[in-house]
Amino acid sequence: MKRSAQDTTRLLHLVEEAVRIRMVWEEVATTHCCQPSEEVEAAYAEAADRWDVQLNEHTAGLSSAYISGCYWE
């Protein structure tokens, strides 16, 4: 099945966004592991802005709690 150029472009944009989301996670997880949740949330928001990632509050809160609790190690 042949993809159109538009489909390929959309797919590349999705992959790029996924990589940026992962970079936000990696940055915050490595610098703020086991820190208070409020600090992790603030760092998450800053990293998301820096990587041009839009996150909803629910996702940011869950990720911050996960990193704060050191569950990812």
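The values are calculated or read from the model by the stated rules, or taken from the named source; none is laboratory data. Quick caveat: nothing in here was measured; it's all calculated off a predicted structure. No Cβ is skipped: glycine too gets one built from the backbone with ideal geometry, and neighbour counts run over all protein chains shown. Please note that ligands, DNA and RNA were not included when accessible areas were found on the heavy atoms of the full protein model with its side chains. Shrake-Rupley method; radii C 1.70, N 1.55, O 1.52, S 1.80 Å.
Table for the structure above
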read-out	value
Alpha-carbon radius of gyration plus Dmax, which is the widest Cα pair, for the chain in Å	14.8, 50
Spin-label pair His58/Arg22, simplified geometry with 7 Å Cα→Cβ offset, distance in nm	2.5
Student exercise, the chain dipole from Lys, Arg, Asp, Glu Cβ charges, in Debye to nearest 20	560
Rounded to whole Hz, the Karplus (6.51, -1.76, 1.60) HN-Hα couplings of the range 13-28, x for glycine and proline	5, 5, 5, 4, 5, 4, 5, 5, 4, 4, 5, 4, 4, 4, 4, 6
Accessible solvent surface per residue of the range 33-73, calculated while the other protein chains remain in place, 1.4 angstrom probe, Å²	68
For the range 3-73: relative contact order, % (alpha-carbon pairs under 8 angstrom, 6 or more apart)	36
Of all accessible heavy-atom area on the chain, the percent that carbon and sulfur account for (1.4 Å)	55
